[in-house]
Amino acid sequence: MQEPAPHDLGALVDEHLAKARTDAHGRSAHVVVHDGVLRQSVIALIAGMALDEHNAPPAASLQVLRGRVELTAAGRTRELATGQLQMIPKERHGLTAIEDAVVLLTAVND
């Protein structure tokens, strides 16, 4: 069995940030890994755009590939910048781009 080709995260960051900048909603997303319960997605948001509060999967993390974002949950806000990795809280949460940003969301769903 042949292994899938590796993903170039730098190229995906550039591609989806460009798409977000021309999108009416200021965002672009692409699933890069989907293997059973594991899912990884690149999500680009232009400054000021948000993903409204939504339910959390059983396990998830967020890595900022470029820019700065705010992760909000249960009345708390955490700012994350390029290179930072944060576990996603188990409660409802939202994400807002402080500046143009691209994140890698890793989630395990049951």
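The values are calculated or read from the model by the stated rules, or taken from the named source; none is laboratory data. These figures come from a predicted structure and were not determined experimentally. Please note: Cβ atoms are built from the backbone with ideal geometry, for glycine as well, and neighbour counts cover all protein chains shown. These accessible areas exclude ligands, DNA and RNA; they are computed on the full protein's heavy atoms, side chains included. Shrake-Rupley method; radii C 1.70, N 1.55, O 1.52, S 1.80 Å.
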Task: Subset of region 14-38 (residues that are part of a strand (DSSP E or B), open to solvent by 50 Å² or more (accessible area, probe 1.4 Å), more than 21 Å from residue 80 (Cα to Cα) and touching a residue at least 24 places away in the same chain (Cβ under 8 Å)) - done: 38
- [ ] Output the residue which, of all residues in region 55-110 that are polar (S, T, N, Q) and part of a strand (DSSP E or B), is surrounded by the fewest Cβ atoms within 10 Å (Cβ to Cβ).
- [x] 77
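I need a count of the residues in region 39-55 that are within 12 Å of residue 107 (Cβ to Cβ) and either over 13 Å from the mean Cα position of the chain (by Cα) or free of Cβ contacts under 8 Å to residues at least 12 places away in the same chain (or both).
Total meeting the criteria: 2.
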